[in-house]
Amino acid sequence: MMTDIRKLTDPYERKARLYPALLCMLPIIVSVSVSFPDIYTMLSGLVALAVAFGGLHLLSNLARDRGKNLESKLFEAWGGMPSVSIFRHSDPLIPAPAKLKYHQFLSDKTGIPAPPLESEVNDSFSADEVYRAWSDYLRSQGRNTVEFPLLFKENINYGFRRNLLGIRWHCILSSLLAVGLVIAPKFPVFEITEVELTIIVLNAFYLLVLAFVVKRTWVKVMAVEYAKRLVEVIESLRT
């Protein structure tokens, strides 16, 4: 019970993990409430009971697991983790003079020497391991959500997008099932009310968003923004 309460109060748990799962269930919940009000009333009590016994915890973990399972494929498709690749000499996000300054600072702070430019060509794995260590160091220094609110915000946004993409096909199935729940009781005479038609239209819009917005590029945008905010931690450490 206390774990589920924390899901509602902890911003990351609620927004990055729980919200994607609830968005996935929303079409079915709405359709059942309209097409089968008696069943919806009965299920409301069961849902409340499930929540009390860890339902929210289960939902948020399912969304998180699907997102984490997808993450390695995303990084491979992007050519590496953005918070690592941003330190590469070949990456254009940071101007070269600033990047050299950051490399020197992180080398001094972590005791891990900066890899030379040629190492990214000859031994890219070893170079990325250095950048990964630097990225981990910055994350450990940026955990204070009050001092680094933008970093925390982008971390939540990235987690939300990644997890929603991870369960996208579940959401599509949920939407199709929701439409079926509205149409099925009308068979064979399809006399649809305005409310039911609204639900069908909203589900069509829901599917369009899932198909054309919730994509790998949509997640990458926020992953890159998080990487930028992570680099900004350096400036705070320099002062």
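The values are calculated or read from the model by the stated rules, or taken from the named source; none is laboratory data. Just so you know, these numbers come straight off a predicted model, no measurement behind them. Here Cβ is always computed from backbone atoms with ideal geometry, including for glycine, and neighbour counts include all displayed protein chains. We work out accessible area using only protein heavy atoms, side chains counted, and drop any ligands, DNA or RNA first. Shrake-Rupley method; radii C 1.70, N 1.55, O 1.52, S 1.80 Å.
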Of all residues in segment 60-88 being touching a residue at least 40 places away in the same chain (Cβ under 8 Å) and outside any helix (DSSP H, G or I), the one that is nearest to the chain's Cα centre (by Cα): Met81
Residue in segment 122-134 that is touching a Leu at 6+ places or on another chain (Cβ under 8 Å), β-branched (Val, Ile, Thr) and either surrounded by 14 or more Cβ atoms within 10 Å (Cβ to Cβ) or within 18 Å of Glu225 (Cα to Cα) (or both) present: no
Looking at this structure, is Val231 in a helix (DSSP H, G or I) and without any contact (Cβ under 8 Å) to a residue 12 or more places away in the chain? no
Subset of segment 115-152 [of a type in the set (Lys, Arg) and in contact with a helix residue (DSSP H, G or I) (Cβ under 8 Å, 6 or more places away or on another chain)]: Arg132, Arg139
In this structure, is Val224 part of a helix (DSSP H, G or I), open to solvent by less than 50 Å² (accessible area, probe 1.4 Å), modelled with pLDDT of 95 or more and closer than 17 Å to Phe160 by Cα? yes
Checked against (1) over 27 Å from the mean Cα position of the chain (by Cα); (2) over 25 Å from Cys24 (Cα atoms); (3) among the acidic types (Asp, Glu); (4) surrounded by 13 or more Cβ atoms within 10 Å (Cβ to Cβ), Glu196 satisfies every condition except (2)
Is it the case that some residue within segment 84-92 is touching a Gly at 6+ places or on another chain (Cβ under 7 Å), modelled with pLDDT of 85 or more and farther than 30 Å from Glu196 by Cα? yes
Scanning segment 89-113 residue by residue, those touching a Ser or Thr at 6+ places or on another chain (Cβ under 9 Å) and without any contact (Cβ under 8 Å) to a residue 60 or more places away in the chain turn out to be Asp91, Pro113
Flagged in segment 114-128 as charged (D, E, K, R), in a helix (DSSP H, G or I) and without any contact (Cβ under 8 Å) to a residue 40 or more places away in the chain, in numbering order, are Glu120
